[in-house]
Each structure stands twice: as structure tokens, then as C-alpha cells.
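Only the coordinates and a few stated rules stand behind these numbers; no lab work does. None of the values given here were measured: they were computed from a predicted structure. Here the Cβ positions follow ideal geometry from the backbone for every residue, glycine too, while neighbour counts run over all protein chains shown.
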Amino acid sequence: MNSSILSRVKTAAIIPAFNESTHISDVINGMKKYVDSVIVVDDGSSDGTGEVAKKLGAIVISHRMTRGAGAATMTGIIAARLMKAQAVITIDADGQHDPDDSPKLLDPILKENADIVIGSRFKGKNTIPFLPKFFNKIGNMLTFMTTGKYVSDSQSGFKALGPVALYTIHLHMDGFEFCTEIVREIAQYGWRVKEVPVKVTYSEYSKAKGQSFSRGVITACKILLRFFLR
């Protein structure tokens, strides 16, 4: 993309993606309505995710090896900075979130009422399966213990970052524990945070790809380890 196009980009969507070729199209097309540019970070996929995203007009950045959702999100943030975006939305690639909720997240940012907006699955009328609900409660508890900041959906992948957060945040954690690290950054820098209710859809596919018990334990251990070693 040439510099003249980059200079016009104001808002961007960041979609970390690993083997999501069958679901990412709807997410990209949905986000195009609300942002100037869509950035897909292909995290070492083997199913052609990056090629699908390119055909739909997304800016695709590919990791040669799978590094994790946190690393992919940070790569997207760096790309958004280089594109001079003023606000970004992060959204999962599996179709769990509804892109039409994007204005709810962007509105407090554009009105300068928040530095970060978290799309909360638990503030709306959603039917949430036991395991996601259970692991989010654990995540909320660990997040509060390690940051002193409570949010209702600490593990949400649907967030908006305004310019202060976008150009300051630096994620060190490569896996799903990066969501807790974002809350730690909020607490550390005193950023203004808002939570807004968002819709969520749990298909058999998204439930199958979701948090397993073993991965949940590993994520929890990494959160605690990072807290004690920081």
C-alpha cells in the first residue's frame, strides 16, 4: 500500500487469525463497513487464511510460525501505528462477535470519553456456555488479583483502542493471557476504560476452538508467573 493511502487511514480493524479460512470472510466484510482499513495477522496458518483475506482486500501480515493471539494482536497494533491509525478495533476471526457492534465500541473513543472500550459478553443478553463462562470468571479473578482492576469480561477479544492506548501499549505475552496484560496496562497508565454490551454467538465451531481446560490452566499459570516476575 502506498504512502498516500496510508496517510488517509484513521481507523482500522485488527483481526488475529489462525486457520480461519472458512469463517474470516464474514468478519472482514462486516468490519469494512465501520473502519478505513482491515488488518489481518495470519498467525502461521496452514489453510490459506491469508490468501482468503487478501482476496477480500484486507492488509495481511503473516507470521512464519504460530506465535499466539497476543503476538498477533501486537503485530496488528504496530501495523496500525505505521498506518497512522487513530483508533483500532480488535476482533476475533471465528465469527463469535458481531461486527455490527463496532459503533458501540468506537463511539466513546471518537467522543474522547475513553481510551479503551471493552466489548463485554456479560453485560448483554447472551446465552453463554458453561466453559467460556467458567474460564472468564477465573480470568476476571486472576486479572483483579494481578492488576487491582475489575472488568466484567477481562478475556474479551473485542476491544477498541483510542490514540493514547494505541501508541503506548506494548504487549509482551504471546498467548491468550495478553487480555489480562491489557488490563494491567489500563491500571498502570490510568487509562479511561468503558465496557459496553455486545452480542456473542457460540457455534459448534467456535466452542470446539474455544478455551480447553488444559489451555485455561496454562494461561492462568502464565498470568501468575508474569505477575510475580515483573
For this session: First measure r as the distance between the Cβ atoms of S152 and M65, then evaluate 1/(1 + (r/R0)^6) with R0 = 41 Å and state the FRET efficiency to the nearest 0.05.
Result: 0.75
Exercise. Given the pairs K33/K149; K33/K55; K55/K84; K54/K159; K123/K194, which span a C-alpha to C-alpha distance of over 21 angstrom in this model?
Worked result: K33/K149; K55/K84; K54/K159
Exercise. Nearest-5 percent of antiparallel DSSP beta bridges in segment 3-229?
Worked result: 25 percent
Problem set entry | Under Karplus coefficients 6.51, -1.76 and 1.60, residue-wise ³J(HN,Hα) of segment 97-108 in Hz, glycine/proline x | 9, 9, x, 5, 7, 4, x, 4, 7, 6, 4, x
Problem set entry | Residues of segment 25-69 with amide N under 18 Å of a point placed 7 Å along Cα→Cβ from I78 | 39-45, 59-69
For this session: For L56 and K33, compute 0.36 nm times the residue count separating them, minus their Cα-Cα distance, and round to one decimal in nm.
Result: 7.0 nm
Exercise. Roughly what would the spin-label model give for K125 and D47, points 7 Å off Cα along C-beta, in nm?
Worked result: 3.3 nm
Problem set entry | ³J(HN,Hα) computed for each position of segment 10-23 - Karplus, 6.51 cos²θ - 1.76 cosθ + 1.60, integer Hz, glycine/proline x | 10, 10, 9, 9, 10, 10, x, 9, 10, 6, 10, 4, 8, 10
For this session: Rounded to the nearest Å, what's the spacing between the alpha carbon centres of segment 106-121 and segment 161-180? Just the number, please.
Result: 15 Å
Exercise. How many percent of DSSP beta bridges within segment 100-200 run antiparallel, rounded to 5?
Worked result: 40 percent
For this session: Within 10 Å, count the other beta carbons around each residue, average over each peptide in 41-47, 114-120, and list them highest first.
Result: 114-120, 41-47
Exercise. Tell me, what ³J(HN,Hα) does each residue in segment 36-46 have, in order and in whole Hz, if you take phi through Karplus 6.51 cos²θ - 1.76 cosθ + 1.60 with θ = phi - 60° and put x for Gly and Pro?
Worked result: 7, 8, 10, 10, 10, 9, 7, 8, x, 5, 10
For this session: Work out, in µm²/s and without decimals, the Stokes-Einstein translational diffusion coefficient of segment 3-229 at 25 °C, 0.890 mPa s, Rh from Kirkwood over C-alpha pairs.
Result: 141 µm²/s
Exercise. Which of the peptides 16-26, 54-64 is most tightly packed, and how do the rest follow, going by the mean number of other Cβ atoms within 10 Å of each residue?
Worked result: 16-26, 54-64
For this session: Return K159, K194 ranked ascending by Cβ neighbour count within 10 Å, so the fewest neighbours appear first.
Result: K194, K159
